[in-house]
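Structure, as structure tokens:
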């Protein structure tokens, strides 16, 4: 195959543009420009306010203890992990983001040490034939290997990654089918963990289903312009980014605090509709 | 910024095509182009007079390489793709399918190099500068990518039998 072939082939393969992506969505691009500017403004303003209040260290989340020498020498083929998600007895660990990798023959070792448990993941990362099938490398812990109150430690990094828990979510969501999970990180920012559920039709909204993201987030996340909101027994913060409403609340967890955020996906809800959506869930 | 809008309308199809070569998915390609254009908007006065297509395609490649998309299990394609009847019967859609499968078998950096070299027509030096790598690495990625693609059965048939070319 010559380089000339390659040029022709790439042109040929992209000749047919689907109708729904053929026209430039100028309105959507403008909207993104405005959102970018608003986010930048919010971040700068929030950091400025926190500097004034002397609270910048909070942006780093729960203080991380120095790595324990006893856990600082994991096996050479150990893999770092970013967060865990507990769903009843099932606990899954999600590895650091990888560029098109799947995990073969994973082995998990759990070593309890008082109120902590050192969780070591070993295995072979392999490049799959089709990167769209890769997802996030994930491994499941053996049943009952860690307690709900235990702090999990990744010996590769020496850190205590957040352990999100479906039990922290509103009761109404516990029986819902998991739509997917993911990690988001852009512009070298920290990764955030998301799980997504398909909710049933809320009684007071004219939508058939609404996909709702639960975002595991930094509990100290700045929510510029946010207002306190109590939903059921939960105290949180309601805020919006250019009219897209979000609800952030914090949950005590072993070793610190976790943040969760509700985000309706592909729905443009008014403030009243969003609060009605929140009220429609059973929170405890 | 009327000239920005005018440029976007004119350049949109070719930018989306370049983005598809990276992502292998038209809607992700559209999302990627929108992201890049939104970032470019604030720098437009500097970009517009100096080969904006090349600049934006370089941005597509670098954004793609640093962009960690949500990996929804629900998005994992599971359906079996239909067998193709033969090279002579290849439609543009099937050509696209074969090329997509071949490109997705490449590491992302090699895909980015191929797009910049053979779709954006950047020189090796310009490709190296856009991706922040050496010219030698560009040559190496290009050679490895072409070797892999030559070994890809569907693509080899496509080129040797000359069906769509």
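The values are calculated or read from the model by the stated rules, or taken from the named source; none is laboratory data. All values derive from a computational prediction rather than experimental measurement. Cβ coordinates were reconstructed from backbone atoms using ideal geometry, including for glycine residues, and neighbour counts include every protein chain displayed.
Overview of results
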read-out: Positions within the stretch B:5-54 being part of a helix (DSSP H, G or I), over 22 Å from residue B:108 (Cα atoms) and either in contact (Cβ under 8 Å) with a residue 60 or more places away in the chain or more than 9 Å from chain A (Cβ to nearest Cβ) (or both), in sequence order; value: B:6, B:7, B:40, B:44, B:45, B:46, B:47, B:52
read-out: Residue within the stretch A:170-188 that is within 11 Å of chain B (Cβ to nearest Cβ) and modelled with pLDDT of 65 or more present; value: no
read-out: Failed condition for residue A:65, given (1) at pLDDT below 70; (2) under 22 Å from the mean Cα position of the chain (by Cα); value: (2)
